[in-house]
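The values are calculated or read from the model by the stated rules, or taken from the named source; none is laboratory data. What you see is a predicted model; the values in this text were computed from it and never measured. Reconstructed Cβ throughout: ideal geometry from the backbone, glycine too, with neighbour counts over all protein chains shown.
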2 protein chains.
Amino acid sequence: MTLDERKKKILESIIRDYVETAEPVGSRAMVKKHDLRISAATVRNEMADLEDMGYLEQPHTSAGRIPSERGFRYYVDCMMEKEPPGEREYALLQQLFEHNVEDWEQVILGIAHFLSQMTRYASFVIVPAAKFSEFRNLQLLPLDQGKALLLLLSDMGVIMHRIISIPELVSSQDLQAIAELFNQAFRGKRLEEVKRSDLQLIRESLSQRRRIIDNALEAIDNLLQNSRDEKVWVSGALNILNEPEFKDMEKLKRILNVLEEDDSLRQIIPGELGEAVDIKIGRENSVEEIQEMSLVVAGYKSFGELGKIGVIGPVRMEYWKAVGTVEIVRDIIEDYLKGLG
Amino acid sequence: MTLDERKKKILESIIRDYVETAEPVGSRAMVKKHDLRISAATVRNEMADLEDMGYLEQPHTSAGRIPSERGFRYYVDCMMEKEPPGEREYALLQQLFEHNVEDWEQVILGIAHFLSQMTRYASFVIVPAAKFSEFRNLQLLPLDQGKALLLLLSDMGVIMHRIISIPELVSSQDLQAIAELFNQAFRGKRLEEVKRSDLQLIRESLSQRRRIIDNALEAIDNLLQNSRDEKVWVSGALNILNEPEFKDMEKLKRILNVLEEDDSLRQIIPGELGEAVDIKIGRENSVEEIQEMSLVVAGYKSFGELGKIGVIGPVRMEYWKAVGTVEIVRDIIEDYLKGLG
DNA sequence: ATTAGCACTCAATAAGATAGAGTGCTAACA
DNA sequence: TGTTAGCACTCTATCTTATTGAGTGCTAAT
C-alpha cells in the first residue's frame with residue numbers, strides 16, 4: 001500500500017503537528033501552518049481518504065484528525081528520516097566517559113540516564129544475565145578474625161564478593177588450595193552450566209575443611225540462584241508526567257507501576273532483536289498496561305550476549321529523534337564494551 | 001499549653017477521621033461516628049475553642065475542621081501512642097534475613113523497601129559515606145593478559161573493586177609488594193584522611209613499576225573524590241500517587257522530582273538525630289518543595305557512623321503507625337549491623 | 001480535480017440553579 | 001454554668017442549560 005506524494009505530505013504534517021501539540025489537527029489550521037499550496041477543502045478530502053485507509057482517526061465527528069497507530073507505523077516504515085542528536089548532546093555524551101571511574105555496569109547506567117534526558121522519555125537498559133558469562137577465577141582471601149573474602153570473577157568482571165566466616169586456624173595456603181579446587185572444576189565453564197551437583201561434588205571430594213567449603217558453596221549457590229536473570233534499569237520514568245495523555249491519575253499509576261517493576265518490563269521488551277532499531281507502537285506491544293505507549297529498542301553485544309537499551313514513551317512520540325538517539329547510544333555502548341575486552 | 005480531656009478526645013477524633021478520609025470533619029458526623037456522649041452543638045463549641053488555640057482550621061466557613069500542623073504536632077507530642085507493626089508484618093520482616101545473600105547495603109535497601117510497603121509511604125535510607133570507614137586492606141590480584149584486579153577493603157567491607165591494566169611482565173610477587181606498600185601507608189587510617197598528597201608520596205617512593213602504581217592511584221583517587229557523600233535511596237515514592245492531596249499534577253511533579261533527586265533529599269533529612277524517632281511536620285521542614293509533607297526519621301549506628309532511615313508522606317499521615325514501624329525497623333537494622341561486626 | 005460556501009456536529013466553557021453538609025448564634029434547660 | 005435543641009445562614013460541589021467555536025461533509029461552481 002503506497003501513498004501518493006500529496007497524501008504523504010499531509011500525513012507527515014498531521015503527525016508532526018500532533019506529536020507537537022497532542023491535539024487533533026484540523027484541515028484549516030494545518031494548511032495555514034505548513035502553508036501547503038492547496039485549500040482546506042482539498043485537505044479535507046485527502047484526510048477522509050487517509051481515514052478510510054486507516055492511517056488517521058477522528059476522536060469525534062467534529063474534531064480534527066489524529067494519526068492512528070497504523071498511521072504512525074506507515075510513517076515510521078516508509079517515510080521517516082531518523083534524526084541523530086545534535087553536536088552539543090553528542091559532546092556531552094562523550095564526556096560521560098572521561099571520568100571513567102565506575103565499573104562498566106555503572107557506565108552503561110549513566111548512558112541510559114543521559115538517554116532519558118536527551119529524549120525526554122523514560123529510558124531502560126537490560127544488562128545480560130551474569131549466568132551466561134564464563135567462569136574465570138575464584139579467590140579466597142584471608143581477612144582478620146575468622147573471616148575471608150570470597151571473590152568470583154568471570155569475563156564480565158567481578159560477579160560477586162562476599163565475606164564468609166572461616167575457622168580461626170586456616171592458613172592462607174589452605175585457602176588458596178581450596179580456591180584452586182574450585183578453579184580447576186569450573187574454569188572456562190559458563191556460570192549457567194555450574195550445577196548444584198557440581199558443587200556437591202566438590203564438597204565431597206574435600207571433606208576436611210568442610211566449614212569453609214560449605215560457606216563458600218552456600219554463597220555461590222545463592223549467587224547462581226539469585227542472579228539468573230538479566231538486570232533491568234529504568235531512568236527518567238517521571239518524564240511521562242509531562243505528557244498530556246497521562247494527566248489521568250489512574251492511567252499514570254498503572255504505567256509508572258509497570259515501569260517500576262522489573263518483571264513487567266522484562267515481559268514488555270522484545271526478546272529477539274536484529275541489527276536495526278526495533279519499534280513497537282501502542283497495541284503492537286503485547287502487555288496490556290502499556291498499549292498506549294511505544295517502545296524504541298536496540299540490542300547491543302555485551303560479552304557475547306545480547307543487551308538491550310531503548311526508550312519508552314507515548315504513542316505520540318518523536319520517533320525520528322528517538323530512533324536516531326537510541327541508535328547512536330547503542331553504538332557508543334558497543335564501542336565502549338569492545339574497548340574493555 | 002495543655003488541653004482538658006474532652007478537648008483532647010475531640011482533637012484525636014478529628015485527627016483520626018481526617019487522616020482516614022482526607023475530608024474536613026464536621027461536628028455532627030463526628031459525634032455519630034465515635035459516639036461521644038455529647039451533642040454536636042457542644043462539639044462545635046469545643047471546636048471553635050480548638051480553632052482559636054490554633055490546633056484546628058477551617059478550609060472555608062461552611063466546611064468542617066481539619067487539624068492544623070500545630071494540631072498534629074500537639075497530638076504527636078502529647079497524646080500519641082505509637083503502634084508497632086503487627087505480628088504478620090514483623091514475621092515477614094524477619095524473613096528478609098533468611099536468604100542473606102546480599103551484601104549489607106543490599107540488605108538495608110531491602111528493609112527500606114519493605115518499610116515503604118508496610119507504611120504505604122515513601123521510605124528512604126541514608127547509608128553513611130564510605131569515607132568515614134577505616135582502611136583495612138588493599139589487594140592487587142593478577143588476572144590474565146596485562147590486567148589486575150584492584151580491591152579495596154575497609155571495615156565496612158569491600159569498598160571498591162576495579163580492573164586496572166598492568167604491564168604484561170609483572171609477577172604476582174611484584175603486585176603483592178606494591179599492595180603491601182599501600183597497606184603500610186594507609187592501614188588504620190580513615191579513608192577521608194587519605195589525601196592526594198599521600199598518594200603522591202607513594203608514587204614517588206616507588207618509581208619503578210610506575211604504570212601499575214599510576215593506574216592504581218588513579219582508581220583510588222577517583223574513589224576518594226566520588227564517594228565522599230553518603231548514599232541516599234528512596235523506595236515506594238509512587239505511594240504518594242494514592243494520596244488525594246496530590247491529585248494535582250503540578251504538585252505531584254514537584255514532589256516526585258524531589259524524591260528522585262539525591263541532593264534535594266540530603267537537604268531535607270535532618271542532619272542530627274537523637275535516640276528517639278524524629279518527626280518533621282509540614283512547614284517544620286525547611287525545604288520548600290516538601291512543606292506539604294511530613295518526615296519520620298530514625299538514626300542508626302553503622303560502623304560507628306550515623307545512618308538514617310524513615311518515611312516521607314503527607315502531613316495527613318498515620319504518625320502512630322509510621323513511628324512504630326520506623327522504630328522497629330531501625331532496631332532491626334542496628335541488630336543486623338551489630339551481628340556483622 | 002479543486003475549491004468556496006454552508007449547514008451541521010460536538011466538546012469545551014461559562015453561567016445559573018440546587019442540594020447538602022456544616023457553622024454560629026440564641027434561647028431554653030438541668 | 002455548662003449543655004443542648006433549633007434555626008438561619010454560608011459555601012462548595014454538582015447538576016443543568018446555553019453558548020461558543022473549531023472542524024467536518026456535502027454540494028455546486030470553477
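If the condition is being at the interface with chain A (Cβ under 9 Å from one of its Cβ atoms) and among the charged types (D, E, K, R), then segment B:228-262 contributes B:Lys247, B:Lys253, B:Glu260. Residue by residue through segment A:1-40, note down the ones that are away from DNA strand C (no atom under 11 Å from the Cβ), part of a loop (DSSP other than H, G, I, E, B) and within 25 Å of A:Asn242 (Cα to Cα). Across segment A:1-40, the qualifying residues are A:Ala22, A:Gly26. In segment B:102-121, what count of residues is obtained for those that are within 12 Å of chain A (Cβ to nearest Cβ) and in contact with a Ser or Thr (Cβ under 9 Å, 6 or more places away or on another chain)? Adding up the residues that qualify gives 3.
Among the conditions (1) outside any helix (DSSP H, G or I); (2) modelled with pLDDT under 75; (3) of a type in the set (Asp, Glu), B:Asp229 misses just one, which is (2).
For A:Asp262, indicate whether it is touching a strand residue (DSSP E or B) at 6+ places or on another chain (Cβ under 6 Å), surrounded by fewer than 21 Cβ atoms within 10 Å (Cβ to Cβ) and under 24 Å from B:Leu256 (Cα atoms). Taking the combined requirement at face value, the residue satisfies it. Can you confirm whether A:Ile159 is more than 30 Å from A:Glu243 (Cβ to Cβ), facing another protein chain (nearest Cβ under 9 Å), β-branched (Val, Ile, Thr) and assigned to a strand (DSSP E or B)? Criteria not met by A:Ile159. Regarding segment A:272-279, can at least one residue be identified that is touching a helix residue (DSSP H, G or I) at 6+ places or on another chain (Cβ under 6 Å) and not assigned by TED's automatic domain parsing to the domain that holds A:Leu140? Yes, some residue in segment A:272-279 is touching a helix residue (DSSP H, G or I) at 6+ places or on another chain (Cβ under 6 Å) and not assigned by TED's automatic domain parsing to the domain that holds A:Leu140.
Across segment B:41-86, which residue is surrounded by the most Cβ atoms within 10 Å (Cβ to Cβ) among those that are among the β-branched types (Val, Ile, Thr) and either in a loop (DSSP other than H, G, I, E, B) or away from DNA strand D (no atom under 16 Å from the Cβ) (or both)? If we take residues in segment B:41-86 being among the β-branched types (Val, Ile, Thr) and either in a loop (DSSP other than H, G, I, E, B) or away from DNA strand D (no atom under 16 Å from the Cβ) (or both), then B:Val76 is surrounded by the most Cβ atoms within 10 Å (Cβ to Cβ). Condition (residue is within 16 Å of DNA strand C (Cβ to nearest atom) and in contact (Cβ under 8 Å) with a residue 12 or more places away in the chain) applied to segment A:68-86: is it met by at least one residue? No; the residues of segment A:68-86 include none that is within 16 Å of DNA strand C (Cβ to nearest atom) and in contact (Cβ under 8 Å) with a residue 12 or more places away in the chain. If we scan segment B:147-166, do we find a residue that is over 38 Å from the mean Cα position of the chain (by Cα) and buried (at least 19 other Cβ atoms within 10 Å of the Cβ)? Taking every residue of segment B:147-166 in turn, at least one turns out to be over 38 Å from the mean Cα position of the chain (by Cα) and buried (at least 19 other Cβ atoms within 10 Å of the Cβ). Considering segment B:21-37, the residues that are more than 12 Å from DNA strand D (Cβ to nearest atom) and surrounded by 14 or more Cβ atoms within 10 Å (Cβ to Cβ) include one that is modelled with the highest pLDDT, namely B:Val25. Kindly indicate whether any position in segment A:255-270 is over 21 Å from A:Phe132 (Cβ atoms) and either part of a strand (DSSP E or B) or not assigned by TED's automatic domain parsing to the domain that holds A:Val107 (or both). No, every residue in segment A:255-270 fails to be over 21 Å from A:Phe132 (Cβ atoms) and either part of a strand (DSSP E or B) or not assigned by TED's automatic domain parsing to the domain that holds A:Val107 (or both). The residues of segment A:17-46 that are under 18 Å from A:Glu57 (Cα atoms) and β-branched (Val, Ile, Thr), listed by number, are A:Val19, A:Thr21, A:Val25, A:Thr42, A:Val43.
Only residues that are at pLDDT 85 or above and more than 28 Å from A:Leu306 (Cα to Cα) were counted in segment A:185-205, giving 0.
Is there a residue in segment A:319-341 that is out of contact with any Asp or Glu (no Cβ under 7 Å at 6 or more places or on another chain), within 29 Å of B:Ala237 (Cβ to Cβ) and assigned to a loop (DSSP other than H, G, I, E, B)? So far as segment A:319-341 goes, no, none of its residues is out of contact with any Asp or Glu (no Cβ under 7 Å at 6 or more places or on another chain), within 29 Å of B:Ala237 (Cβ to Cβ) and assigned to a loop (DSSP other than H, G, I, E, B). Only one entry of A:Ile213, A:Ile202 meets the criterion of being part of a helix (DSSP H, G or I), buried (at least 19 other Cβ atoms within 10 Å of the Cβ) and not small (Gly, Ala, Ser), and that entry is A:Ile213.
Do you know which residues across segment A:310-332 are in contact with a helix residue (DSSP H, G or I) (Cβ under 6 Å, 6 or more places away or on another chain) and under 28 Å from A:Trp104 (Cα atoms)? Once the filter is applied, which keeps residues that are in contact with a helix residue (DSSP H, G or I) (Cβ under 6 Å, 6 or more places away or on another chain) and under 28 Å from A:Trp104 (Cα atoms), segment A:310-332 yields A:Gly310, A:Val311, A:Ala322, A:Thr325, A:Val329.
Using the structure shown, decide if B:Ala48 is near DNA strand C (Cβ under 9 Å from one of its atoms), away from every other protein chain (no Cβ under 14 Å) and at pLDDT below 95. The answer is no for B:Ala48.
Mind listing whichever residues of segment A:87-123 are part of a loop (DSSP other than H, G, I, E, B) and either aliphatic (A, V, I, L, M) or under 20 Å from the mean Cα position of the chain (by Cα) (or both)?
Matches in segment A:87-123: A:Leu96, A:Phe97, A:Val101, A:Glu102, A:Asp103, A:Arg120, A:Tyr121.
Would you mind stating whether A:Thr61 is within 13 Å of DNA strand C (Cβ to nearest atom), away from every other protein chain (no Cβ under 14 Å) and either polar (S, T, N, Q) or under 26 Å from A:Ala322 (Cα atoms) (or both)? So A:Thr61 passes the test. Scanning segment B:300-320 for residues that are farther than 18 Å from B:Tyr75 by Cα, surrounded by fewer than 22 Cβ atoms within 10 Å (Cβ to Cβ) and either among the β-branched types (Val, Ile, Thr) or in contact with a strand residue (DSSP E or B) (Cβ under 7 Å, 6 or more places away or on another chain) (or both) yields one hit, B:Leu306. Of all residue pairs spaced 6 or more apart or on separate chains, those with beta-carbon atoms under 7 Å, a first member in segment A:50-64 that is in the same structural domain as A:Tyr18 (by TED's automatic domain parsing) and a second member that is among the hydroxyl-bearing types (Ser, Thr, Tyr) and assigned to a loop (DSSP other than H, G, I, E, B) are A:Gly54/A:Ser68; A:Tyr55/A:Ser68; A:Leu56/A:Ser68; A:Glu57/A:Ser68.
Out of B:Leu199, B:Leu217, B:Leu143, B:Leu153, one residue alone is within 14 Å of chain A (Cβ to nearest Cβ) and in contact with a helix residue (DSSP H, G or I) (Cβ under 6 Å, 6 or more places away or on another chain). It is B:Leu217.
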